[in-house]
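**Q** The following block contains the structure, expressed as structure tokens.
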Amino acid sequence: MDNGVNRPKNEDVHLQIPATGEERNWVDRWREPRGSRAVLLSLLILALIAGVGMLVRATGGTGFAWLHLMYLPIILAAAGFGIYGGVAAALVAGFVLGPYMPMDAAKGLSQTMSNWMFRTVFFLLVGAFSGLISKYLNEQIDRLKETHQHLLQAHEELKSAQMQLIQTAKLESIGRLAAGVAHEVKNPLAVIQLGVDYLTRTTKDTGDRDSIETIQEMADAVRRADVVVKGLLDFSRSEQLGLASLDLNSVIEESLLLVRHELTRNHISLEKHLAGQLPQVMMDRNKIKQVFINVFMNAIQAMGNNGTLSVKTFISQPSGSEAAGQSPAGEKVVVLVEDTGTGIPEDKLDKLFDPFFTTKPVGTGTGLGLSVSRNIIELHRATIKIANRKGVRGAAVSIAFPIPNRG
Amino acid sequence: MTKKKILVVDDEVGMTRMLKRNLEATGRYDVRTENEGAAAITAAREFQPDLVLLDVMMPEISGDEVAARIKEDKKLSNIPIVFLSAIVKKEETQPTGGNIGGFTFLAKPVKLDDLITCIENHLGK
């Protein structure tokens, strides 16, 4: 069943904020440059100062308006290297312009020197002031970037919360619908069942093979419909839990016992690696058994008539906790179920938990098993993940339960 | 051997008809059917059944209310009541009837053999 038809993609409803991540625009690249960029910018500034110097010389000295072009490299240096860059460029510019200061014979050398000093100080003021503005702007840019990052993070969190809300609302409405449908379907199903039972009795001694076979097929159809209805009821009722502190390994053993017949029938070998001394986990025994049976049966059906079902339990450390010397607060008890079956097509992986999604042939799966399982797992504040095994055939299901506080 | 009297109450006519046909075909039961709660209480007083098979979700008077009224009536209070319901799953009951809150429940769709076993268990008591 394609349940994606006519459904708007969730992504469509989100506000699109461009992710910056580590991307840097040209302003970033030339702001406080390092290495080759710093050398390049310094050379450019020096070239500009020399260029303006030559222009001033060619046009008759500092009395001309071309002199004001010297502010460009000074401001550029201040923008690139801050206040020190601006001051350094101002000093260089003043030095370069020195020989071109117009000599006033009447007022003498001291007046010329004083003019030169005055211009240089003016350059220094522009350099320093531009540097200060540049520093202020850089700080503002950094602050804006930080705010942008926070906004992006908040947006991601909102998006994730929205997705969860949509999913929860979807599941709730499907749950209500499922319960209603299940009830309404069970009544006519009960009539058909009794009708089939009646006909089974009345045709048993007639020797009419066609009728007997037809009735048998009807009985089988009723049984299949009942399985679907049962799935719907499971789906609508998965929200009630009776929690107890239990040993996960024993619940796994009990569940394996219930699928033992299927394993034997399908010539599937079982590999168990259950860790000893696992901490107890809060769980609803029957509901978790339901999840395990579902996962085991999926694996068995994916393997067909041969294969190996592997079940492991272990304690997982939160990544980096050992190195950081943290308390075992993030530790989880994990069950890893692996099969050697066909695996799951990559494009189907993200649909596995959708209600009514199934990869099994029509009539053999309700498409509710994993959906119900995930509901149950999430009610336990645990997580379930399904992926294809790396490098080998088959799928892997991992279920991680939080360990209650041992203090 | 006298036939045991069974009152079958379900708002779905097809269901009561099918139950009557199946149970009477065994030759062991005399079955009366009703399709709504009020008529079922009256029928119980007139028919004096040995057992009542009762649907839970019915319009107007629900199955549990019918059961309560039967239990209130001194002449009827000893009659065993078996609920036949679509609101329970087989796993929540025994295949041949599970006890929920003091009453026996059978989950729909029920197999005739399970139903008869359940009825016989009650009538044999």
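The values are calculated or read from the model by the stated rules, or taken from the named source; none is laboratory data. The model shown is predicted, which means the values in this text are computed figures rather than measured ones. Methodologically, a virtual Cβ is constructed for each residue, glycine included, from the backbone with ideal geometry; neighbour enumeration extends over all protein chains shown.
**Q** Of the numbered conditions (1) modelled with pLDDT under 75; (2) under 24 Å from residue A:392 (Cβ atoms), residue A:357 satisfies every one except a single condition; which is it?
**A** Every listed condition holds for residue A:357 apart from (2).
**Q** Does residue A:170 satisfy the criteria of being under 26 Å from residue A:234 (Cα atoms), part of a helix (DSSP H, G or I), among the charged types (D, E, K, R) and more than 14 Å from chain B (Cβ to nearest Cβ)?
**A** When the stated conditions are applied, residue A:170 passes them.
**Q** Moving to a separate point now. Scan region B:57-78 and tell me whether some residue there is assigned to a strand (DSSP E or B), at pLDDT 90 or above, out of contact with any Cys (no Cβ under 6 Å at 6 or more places or on another chain) and buried (at least 18 other Cβ atoms within 10 Å of the Cβ).
**A** no
**Q** Right, here's the next one. Of all residues being aliphatic (A, V, I, L, M) and buried (at least 19 other Cβ atoms within 10 Å of the Cβ) in region B:21-40, which is nearest to residue B:57 (Cα to Cα)? Just the residue, please. Even if it seems obvious, please write down each step before you answer.
**A** Initially, region B:21-40 is screened for residues aliphatic (A, V, I, L, M), giving B:23, B:25, B:31, B:38-40.
Narrowing the set further to residues that are buried (at least 19 other Cβ atoms within 10 Å of the Cβ) leaves B:23, B:31, B:40.
Numbers: B:23: 22, B:31: 21, B:40: 14 Å.
Going through the qualifying residues, I end up with B:40.
**Q** Okay, next question. Could you list, in sequence order, the residues of region A:240-274 that are closer than 24 Å to residue A:305 by Cβ, within 34 Å of the chain's Cα centre (by Cα) and part of a strand (DSSP E or B)?
**A** A:270, A:271, A:272
**Q** Does residue B:5 qualify as being in contact with a Ser or Thr (Cβ under 6 Å, 6 or more places away or on another chain), surrounded by fewer than 23 Cβ atoms within 10 Å (Cβ to Cβ) and charged (D, E, K, R)? Break it down into steps so the answer makes sense when it comes.
**A** Working: in contact with a Ser or Thr (Cβ under 6 Å, 6 or more places away or on another chain): no; surrounded by fewer than 23 Cβ atoms within 10 Å (Cβ to Cβ): yes; charged (D, E, K, R): yes.
Here the answer is no, as residue B:5 does not meet what is asked.
**Q** Any residue at all in region A:218-227 that is within 30 Å of residue A:183 (Cβ to Cβ), among the basic types (Lys, Arg) and either in contact with a helix residue (DSSP H, G or I) (Cβ under 9 Å, 6 or more places away or on another chain) or within 14 Å of chain B (Cβ to nearest Cβ) (or both)?
**A** yes
**Q** Look through A:206, A:200 and report the one residue that is facing chain B (nearest Cβ under 10 Å) and out of contact with any Ser or Thr (no Cβ under 8 Å at 6 or more places or on another chain).
**A** That would be A:200, the only listed residue that is facing chain B (nearest Cβ under 10 Å) and out of contact with any Ser or Thr (no Cβ under 8 Å at 6 or more places or on another chain).
**Q** Condition (residue is polar (S, T, N, Q), under 22 Å from residue A:96 (Cβ atoms) and modelled with pLDDT of 90 or more) applied to region A:135-147: is it met by at least one residue?
**A** Within region A:135-147, the subset polar (S, T, N, Q) is A:138, A:140, A:147.
From the residues that got through so far, the ones that are under 22 Å from residue A:96 (Cβ atoms) too are none.
No: region A:135-147 contains no residue that is polar (S, T, N, Q), under 22 Å from residue A:96 (Cβ atoms) and modelled with pLDDT of 90 or more.
**Q** Mind counting the residues in region B:4-19 that are in a helix (DSSP H, G or I) and more than 13 Å from chain A (Cβ to nearest Cβ)? First the steps, then the outcome.
**A** The first filter runs over region B:4-19 and keeps only residues in a helix (DSSP H, G or I), leaving B:13-19.
Restricting the remaining residues to those that are more than 13 Å from chain A (Cβ to nearest Cβ) gives none.
Total meeting the criteria: 0.
**Q** Out of everything in region B:79-125 that is assigned to a loop (DSSP other than H, G, I, E, B) and at pLDDT below 65, what residue ends up being nearest to the other protein chains (Cβ to nearest Cβ)?
**A** Step one: filter region B:79-125 for residues assigned to a loop (DSSP other than H, G, I, E, B), giving B:79-80, B:86-89, B:93-97, B:101-102, B:108-111, B:124-125.
Filter once more, so that each one left must be at pLDDT below 65: B:89, B:93-97, B:101, B:125.
Working: B:89: 6, B:93: 13, B:94: 15, B:95: 13, B:96: 15, B:97: 15, B:101: 16, B:125: 24 Å.
Among those that are assigned to a loop (DSSP other than H, G, I, E, B) and at pLDDT below 65, it is B:89.
Table: residues versus (1) at positive phi; (2) among the basic types (Lys, Arg); (3) at pLDDT 90 or above.
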{"site": "A:7", "(1), (2), (3)": "no, yes, no"}
{"site": "A:14", "(1), (2), (3)": "no, no, no"}
{"site": "A:22", "(1), (2), (3)": "no, no, no"}
{"site": "A:36", "(1), (2), (3)": "no, no, no"}
{"site": "A:47", "(1), (2), (3)": "no, no, yes"}
{"site": "A:52", "(1), (2), (3)": "no, no, no"}
{"site": "A:58", "(1), (2), (3)": "no, no, no"}
{"site": "A:61", "(1), (2), (3)": "yes, no, no"}
{"site": "A:64", "(1), (2), (3)": "no, no, no"}
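**Q** Further, regarding this structure: Which residues, taken from region B:20-43, are in contact (Cβ under 8 Å) with a residue 40 or more places away in the chain and within 12 Å of chain A (Cβ to nearest Cβ)?
**A** B:22, B:23, B:26
**Q** Search region A:175-197 for residues being crowded, with 18+ Cβ neighbours inside 10 Å and in contact with a Phe, Trp or Tyr (Cβ under 9 Å, 6 or more places away or on another chain), and hand back the single one that is farthest from the other protein chains (Cβ to nearest Cβ).
**A** This residue is A:175.
**Q** Quick test for you: out of A:254, A:271, A:217, pick the one residue that is surrounded by 13 or more Cβ atoms within 10 Å (Cβ to Cβ), under 23 Å from residue A:301 (Cα atoms) and of a type in the set (D, E, K, R).
**A** Selected residue: A:254, the only one of A:254, A:271, A:217 that is surrounded by 13 or more Cβ atoms within 10 Å (Cβ to Cβ), under 23 Å from residue A:301 (Cα atoms) and of a type in the set (D, E, K, R).
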